[in-house]
1. So, of the residues in region 80-94 that are of a type in the set (V, I, T) and modelled with pLDDT of 95 or more, which turns out to be farthest from P17 (Cα to Cα)?
2. Any idea which of G121, G143, G161 is of a type in the set (G, A, S), touching a helix residue (DSSP H, G or I) at 6+ places or on another chain (Cβ under 6 Å) and more than 25 Å from T198 (Cβ to Cβ)?
3. Every residue in region 256-295 that is out of contact with any His (no Cβ under 7 Å at 6 or more places or on another chain) and among the hydrophobic types (A, V, I, L, M, F, W, C), please.
4. Can you tell me which residue in region 264-291 is nearest to A153 (Cα to Cα), limited to those that are charged (D, E, K, R) and assigned to a helix (DSSP H, G or I)?
5. Across region 173-191, which residue is most open to solvent (accessible area, probe 1.4 Å) among those that are in a loop (DSSP other than H, G, I, E, B) and of a type outside the set (D, E, K, R)?
6. Taking D170 as the residue in question, decide whether it is among the acidic types (D, E) and not in a helix (DSSP H, G or I).
7. How many of the residues in region 45-63 are under 21 Å from E233 (Cα atoms) and in a helix (DSSP H, G or I)?
8. Please give the number of the condition Q257 fails out of (1) under 19 Å from A153 (Cβ atoms); (2) polar (S, T, N, Q); (3) out of contact with any strand residue (DSSP E or B) (no Cβ under 6 Å at 6 or more places or on another chain).
Amino acid sequence: MNDRIKRLRQLSFEAEPSLSIERALIETRFYKENYGKYPVPILRALNFLEICRQKTIYIGKDELIVGERGPAPKAVPTFPELTCHSVEDLHVLNTRELQRYTISQEDINTYEREVIPYWKGRTQRERIFSHVPKEWKEAYEVGMFTEFMEQRAPGHTALDGKVYRYGLLDLKERIAGELANLDFMNDPEATDKQEELTAMSISCDAAILFAERHADLADEMSMAEKDPVRAAELRKIAEVCRWVPAHAPRMYWEAIQMYWFVHLGTITELNGWDAMNPGHFDQHLGPFYERDTEA
């Protein structure tokens, strides 16, 4: 591996996993102000848009592909709408030996004061457990099965190659066509479709905004960068982030960044079950690599 990758690899090993409460705070404020004002799909999409508008943007030294799930490498958000961690949960995560996620006492206090009170009784986990029979709960409590929709969103997903052929603006155009063709007189599901399609369009806007914020930061960093090589890299990062995911990728660099923004968007909006997989990554990226190499 080259020197850049060696440095990035070392930084990845040295970074300590941590919990970030940023997403939970943004979401809690948004739901307090907006819950009940919109249909659920649109509410969720607008919440995703707000997260993409407010979350901390990070571009590290040496990075060419940019974007983090949290405000820094290995900083993991919480998802109080699914299952809201208790103060005890946060202390356990902060102190356990095998897989520790550090969190400051100040953040725990903030979580206890601002996040936990709002989500009490509103989480997906609590709603599920309020509907299942006693026998089911007993089976769960003795460990016959664990980890399902009580604390995660659906996952184990493998992408096809769509994101390498279409940009999100292309998808928004297709969504607009579907919306225009809804038949409210004869289709009993037309209203549900309208809500879902509208939410999909808003989610495209959110992902594009998220990328544009990275472009703005890269441009800003390039102006302050004294190393001309790194300054040029930052300007290229900005150019790539202004193109994808809004448009279909044209080259290898854009194709990788396109996938990464889509992946980050998916796991930022909800905590998907373990596998959010790129699918046949080599097959999707192969043509871009070959064209760039030949050029």
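1. Narrowing region 80-94 to residues of a type in the set (V, I, T): 83, 87, 92.
Filter again for modelled with pLDDT of 95 or more, leaving 87, 92.
Details: V87: 18, V92: 14 Å.
My answer is V87.
2. Working: G121 fails: touching a helix residue (DSSP H, G or I) at 6+ places or on another chain (Cβ under 6 Å); G143 fails: touching a helix residue (DSSP H, G or I) at 6+ places or on another chain (Cβ under 6 Å).
Just one listed residue meets the conditions, G161.
3. Listed by number, the residues that qualify are I256, M258, W260, F261, V262, L264, I267, L270, F281, L285, F288, A295.
4. Taking region 264-291 as the starting set, the residues that turn out to be charged (D, E, K, R) are 269, 274, 282, 290-291.
Filter once more, so that each one left must be assigned to a helix (DSSP H, G or I): 269, 282, 290-291.
On the way: E269: 10, D282: 27, E290: 36, R291: 37 Å.
This residue is E269.
5. The initial filter retains those residues of region 173-191 that are in a loop (DSSP other than H, G, I, E, B), namely 181-189.
From what is left, the residues that are of a type outside the set (D, E, K, R) are 181-182, 184-186, 188.
Working: N181: 127, L182: 33, F184: 103, M185: 171, N186: 122, P188: 126 Å².
Step by step, filter region 173-191, then rank; the result is M185.
6. Values: among the acidic types (D, E): yes; not in a helix (DSSP H, G or I): no.
When the stated conditions are applied, D170 does not pass them.
7. Counting residues in region 45-63 that are under 21 Å from E233 (Cα atoms) and in a helix (DSSP H, G or I) gives 0.
8. Every condition holds for Q257 apart from (1).
The values are calculated or read from the model by the stated rules, or taken from the named source; none is laboratory data. Everything quoted here is computed from the prediction, not taken from an experiment. Cβ: placed from backbone, ideal geometry, glycine included. Neighbour counts: every protein chain shown. Accessible surface areas use protein heavy atoms only, side chains included; no ligands, DNA or RNA. Shrake-Rupley method; radii C 1.70, N 1.55, O 1.52, S 1.80 Å.
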